[in-house]
């Protein structure tokens, strides 16, 4: 028997295309003897479609043509299972339904990675790979993430957050506040986007308004933090859950201070037509693996990565990005990607775990979380309303519960 | 005339359909084996059945006699009989603990019987002298049921064979799956639930639900519940006659087995205790032949004498056994004991009470440990086990007192164990509240008497609910030196509660034993 694995990707997100690349790549690596992959593409409109045509990255070049070969899909709960329902082609044929055993969200950014898709899957009672609703939401909102890190005693740069309406009501006061409380140079970014979108490094007050306006075009809340001058960016992936996790080797993305377009960052790779090999995704970025670091520093970062992972209650695979201040020799937690581009497989391969084996581990973790839920979250089987005497003199609150 | 007869026949046929409900219910509960059904019929047979048959026959004779003069009497009589049937069938179904489940098979049996009855109705038009008596017989006897059973049998066999092969295929196509069989005269369902929970620490587990422990119940579980990701299948195996366990083994092919107990259950079909044991050990034979392990309750003498050789692994409360519980004690938090699994020992705490639970946990832990759950995970999972409601269920009660809720227990041995558990609450003021045991027939007085003696030995206060029912308990208590002032006999449970309200405090342990209202404490 194969596990029916529904891979969700795309999404109403600025990182739509990145997600497509990560997902097509992952689907090409999944062990097809053990899993039957059901690709579920979330269009930019939010509609779900499915079809075998979704397996090949080449097909995405002509999106309208691709969509013509897909069929509308929906998820339905029946009994204790959730089914992928595929709309029939003909007027007289029935919709096809396939049970889903496990969901695999490979989505990036808002409206999907931020807990929304996870919440939907949770609602459907489907076991799914990766962070749960709360961890996804915390991971996506940079301001909340910083607060959680501070609470956990983990090193983050201080920051100031601003709301759009407050900023545009009195720009000068807001800019003065940023200059006073953060100082220059500073980094201005929207609170809830990944993949370097909308982020600007600001060195002087004249550039602040442009940077803030750009960030506000992506989110109604922005965040400013001091820019680390002697900066190295170090990333480290973590695999597991709050009860046990391990860190991968560290990587150092090169030209980290540049802001890359999607074409540069994600489409830089090959053009082979085969599914899953079409693009190298994040793996094609210039990077150094393992990062050239003293052993003590890399161990410190790896330990910190696990601490961050546990602090937000993450699950599955996440990539934690650190800022290394080489002058002060200090490490700051920058952000967490709860669904990292390419699932950070290149870091796990460098740590001795193959991509298919990584997916097996992720599936195990998802089923484990489902088991924990099943053993703790017992719905009360009896209908409390059927016991009419419970409404007597005692009232609803009167009954004692041990 | 013909129309009247046809109408009569039709009404009789409908009556027979209603009579079928009860018959089908019993056939279903006897796993669709007519022989077992007849066994039940023989036991249920009473003079009332003869009276009923004579009454039907008499009514029929009367109708036949009146037929030339007043043909309308016959359909009227039939309508009356139908009304009686409907009322009776509804009442029986409402009262039944295990109701008839309208499975596809039951529907097919109904359909076949309806077809036969319809044929008889049509038959009245040709030869009413034969059809009408047959129809009358059909609802005073299980004739149409048996005819329907025989008619559908070849089809049912084919269906069953298909399902069975499908289940075998599913299991064969799950190469990573490990199958654990559980059998025993008692304790197997409890052990299964505990084992499922312990294994869930590390594995995706599917267990046969409730007591789906027949071959077809197992087949159904495999076909409906097994998932590709399932790593362990826990299969409860019930036996009512020799060969039953082997039959299930042939379907699920277990590598691991658990035998929880051998006792005098279903002796009427087995004959001797030794044959019970042989049947349970069909599981052991199967697993051992495959090179697997069989975990056996070493506290059970019958099992211990048989479980010798390769593959047998014993558990229990005897320190000589490979896996055992020792240093067992009870508190307001539940039971605590030291769990020894081979070379490792861990102190465990559970909300479950009673020796049978300690034993079930020990057995389940031995299996889970052997299958790869680390002892620290077992310790956690054991602390999370939840008791079955009203079965030695530990609760907080009035003014911080401890309540042992055993209100659903109606078994004499279980009641004595509950009293022993209460007695083990060292340092607490121990209060028993019970109406005594009921519906035990000839054993009732003796069972209550024994309960009274046991209670007098451990309790500080005893509250008996119901003056009439309290007699045997009070008799027993009177023979001991239990202080009369500490024995309270009240009329209603509410009175017992009111009294408890005045005396219960944090140092009090209260045992509610048998047959108390569900909603006394929420």
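Structural remarks
- Subset of segment B:1-59 (residues that are outside any helix (DSSP H, G or I), in contact (Cβ under 8 Å) with a residue 40 or more places away in the chain and exposed (fewer than 15 other Cβ atoms within 10 Å of the Cβ)): B:1
- Residues of segment A:28-44 satisfying the condition of being within 17 Å of the chain's Cα centre (by Cα) and in a helix (DSSP H, G or I): none
- Note on segment B:138-256: enclosed strands (runs of 3 or more DSSP E) holding 3 or more residues that are away from every other protein chain (no Cβ under 11 Å) and crowded, with 18+ Cβ neighbours inside 10 Å are B:178-183, B:232-236.
- Considering the conditions (1) at pLDDT below 80; (2) under 25 Å from the mean Cα position of the chain (by Cα); (3) surrounded by fewer than 16 Cβ atoms within 10 Å (Cβ to Cβ), residue B:100 is excluded by exactly one of them, (3).
- Looking across segment B:78-97, the residues that are over 35 Å from the mean Cα position of the chain (by Cα) and in contact (Cβ under 8 Å) with a residue 60 or more places away in the chain come down to B:78, B:79.
- Just one of the listed residues (A:48, A:67, A:102, A:54) is away from chain B (no Cβ under 14 Å) and either buried (at least 22 other Cβ atoms within 10 Å of the Cβ) or in contact with a helix residue (DSSP H, G or I) (Cβ under 6 Å, 6 or more places away or on another chain) (or both), namely A:54.
- Test: residue B:108 is within 30 Å of residue B:212 (Cβ to Cβ), in contact with a helix residue (DSSP H, G or I) (Cβ under 7 Å, 6 or more places away or on another chain) and surrounded by 14 or more Cβ atoms within 10 Å (Cβ to Cβ): yes
- For the criterion of being farther than 19 Å from residue A:44 by Cα, touching a helix residue (DSSP H, G or I) at 6+ places or on another chain (Cβ under 8 Å) and assigned to a helix (DSSP H, G or I), residue A:139 passes.
- Checked against (1) under 19 Å from residue B:180 (Cβ atoms); (2) in contact with a helix residue (DSSP H, G or I) (Cβ under 6 Å, 6 or more places away or on another chain), residue B:349 passes all but condition (1).
- Pairing residues of segment A:303-322 that are at positive phi with residues that are in a strand (DSSP E or B) and at pLDDT 95 or above, at Cβ distances under 6 Å and at least 6 apart in sequence or on separate chains, gives no pairs at all.
- Residues in segment A:363-389 that are facing chain B (nearest Cβ under 8 Å) and at pLDDT below 75: A:376, A:378, A:387, A:389.
- Selection from segment B:347-367 of residues that are crowded, with 17+ Cβ neighbours inside 10 Å, over 14 Å from residue B:322 (Cα atoms) and more than 24 Å from the chain's Cα centre (by Cα): B:348, B:350
- Leading residue by the ranking (nearest to the other protein chains (Cβ to nearest Cβ)) among those in segment A:16-34 that are surrounded by fewer than 23 Cβ atoms within 10 Å (Cβ to Cβ) and closer than 22 Å to residue B:229 by Cα: A:34
- Only a single criterion out of (1) surrounded by 15 or more Cβ atoms within 10 Å (Cβ to Cβ); (2) farther than 21 Å from residue B:374 by Cα is not satisfied by residue B:341, namely (2).
- Residue count for segment A:1-15, restricted to those that are more than 17 Å from residue A:27 (Cα to Cα) and within 14 Å of chain B (Cβ to nearest Cβ): 1.
- Restricting attention to segment B:60-75, the residues that are in a helix (DSSP H, G or I) and touching a helix residue (DSSP H, G or I) at 6+ places or on another chain (Cβ under 9 Å) add up to 8.
- Screening residue A:24 against (1) part of a helix (DSSP H, G or I); (2) over 30 Å from residue A:198 (Cβ atoms) leaves a single unmet condition, (2).
- Within segment B:405-522, helices (runs of 4 or more DSSP H) holding 2 or more residues that are modelled with pLDDT of 90 or more and either within 27 Å of residue B:387 (Cα to Cα) or within 14 Å of chain A (Cβ to nearest Cβ) (or both): B:412-423, B:444-458, B:493-503
- Residue ID - nearest to residue B:426 (Cα to Cα), chosen from residues in segment B:491-510 that are surrounded by fewer than 19 Cβ atoms within 10 Å (Cβ to Cβ) and in contact with a helix residue (DSSP H, G or I) (Cβ under 7 Å, 6 or more places away or on another chain): B:506
- Among the residues of segment B:194-218, those that are free of Cβ contacts under 8 Å to residues at least 40 places away in the same chain and more than 27 Å from residue B:29 (Cβ to Cβ) comprise B:204, B:205.
- Residue in segment A:315-335 that is under 17 Å from residue A:247 (Cα atoms), under 19 Å from the mean Cα position of the chain (by Cα), part of a helix (DSSP H, G or I) and at pLDDT 95 or above present: no
- Qualifying residue in segment A:336-351 (condition: in contact with a strand residue (DSSP E or B) (Cβ under 9 Å, 6 or more places away or on another chain), touching a residue at least 60 places away in the same chain (Cβ under 8 Å) and part of a strand (DSSP E or B)): yes
- Qualifying positions in segment B:378-399 - within 11 Å of chain A (Cβ to nearest Cβ), surrounded by 18 or more Cβ atoms within 10 Å (Cβ to Cβ) and part of a helix (DSSP H, G or I): B:381
The values are calculated or read from the model by the stated rules, or taken from the named source; none is laboratory data. All values reported here derive from a predicted model rather than from experimental measurement. Neighbour counts are summed over all protein chains in view; Cβ atoms, including those assigned to glycine, are modelled from backbone coordinates with ideal geometry.
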